[in-house]
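Notes follow once the structure below has been shown.
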Amino acid sequence: MKSTESKTYEIMELYGEPVERLIAKDGKALRPKEAKKEDARIQKILDKRKNESESARKKRLEKEEKEREDDRKFVREVADAYNFKLAATEQREGRATYVIDATPRPGYEPHLKEAKFLPKFRFRVWLDKAETEWVKLDIQCIDTVSVGVFLARIHKGSNIQIEQTRVNDEVWLPQHIAIKLDARLALLMGVNLTEEISYRDYKKFRTDTKIVPVGEAAQTK
């Protein structure tokens, strides 16, 4: 390992969208100047949505609906691209799950451009029995994936694991993401990257909760 870096973000849902605010680097709180810059960025997002025109709102909603429809089409492609097999049943955090293996289906022909990479991956999914919600995904690259003509090549053995958890017995939210990437960029530079993302301290806020800059919060204590 040549270098490591850690960043801590506060993630808020503003107007129905997740927004990240950087609050620490390598375990140390941001300097006042950096914190002020982050606060200004968040305020800019709030102001943009607060002052959004009706035409801009309509355009945004149409874009969001198109993205949701694209996601639904991709999920249907996944169903066509793989053979699924029940491998086991397991307990995860006290909840019963089905463990299902997905392997590329021979002869599969993708209908979407984004789906052409699917035969290069296999995955295992843990499904919650009670909620029929996925709890964990373990995705393995089984063949070299070329992105663009000379942009990048992702090598066999690269892996991503994504976990969700049930919060307050109400909603499923991210818990942990682990990425191991072996790639070559522009056919020149080799990259071996390990990245860990953990989510914690979920809080439910009322609609009348006010978000204030760090400096202002300190003054009002």
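How about the range 155-184: which of its residues are more than 22 Å from Pro18 (Cα to Cα), at pLDDT 90 or above and charged (D, E, K, R)? Passing the criteria: Lys156, Lys180, Asp182.
Assessment of the range 74-88 against the conditions (under 30 Å from Asp169 (Cβ atoms), in contact (Cβ under 8 Å) with a residue 12 or more places away in the chain, in contact with a Leu (Cβ under 9 Å, 6 or more places away or on another chain) and assigned to a helix (DSSP H, G or I)) yields at least one matching residue.
Can you pull out every residue in the range 107-121 that is of a type outside the set (Lys, Arg) and over 13 Å from Asp80 (Cα atoms)? Result: Glu114, Phe117, Phe121.
All conditions in (1) in contact with a Lys or Arg (Cβ under 9 Å, 6 or more places away or on another chain); (2) within 29 Å of Lys203 (Cα to Cα); (3) among the aliphatic types (A, V, I, L, M); (4) in a strand (DSSP E or B) hold for Ala102, with the sole exception of (2). Would a scan of the range 190-204 turn up a residue that is modelled with pLDDT of 80 or more, more than 23 Å from Lys25 (Cα to Cα), part of a strand (DSSP E or B) and among the aliphatic types (A, V, I, L, M)? No, the range 190-204 contains no residue that is modelled with pLDDT of 80 or more, more than 23 Å from Lys25 (Cα to Cα), part of a strand (DSSP E or B) and among the aliphatic types (A, V, I, L, M).
Here is a yes/no grid of residues against (1) exposed (fewer than 14 other Cβ atoms within 10 Å of the Cβ); (2) among the charged types (D, E, K, R); (3) more than 26 Å from Gln164 (Cβ to Cβ); (4) modelled with pLDDT under 95:
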position: Ala81; (1), (2), (3), (4): no, no, no, no
position: Val99; (1), (2), (3), (4): no, no, no, no
position: Thr103; (1), (2), (3), (4): no, no, no, no
position: Gly107; (1), (2), (3), (4): yes, no, yes, yes
position: Glu114; (1), (2), (3), (4): yes, yes, no, yes
position: Arg124; (1), (2), (3), (4): no, yes, no, no
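The values are calculated or read from the model by the stated rules, or taken from the named source; none is laboratory data. Because the structure is a prediction, the values reported are computed rather than measured. Positions of Cβ are generated from backbone atoms using ideal geometry, with glycine treated the same way; all protein chains shown enter the neighbour counts.
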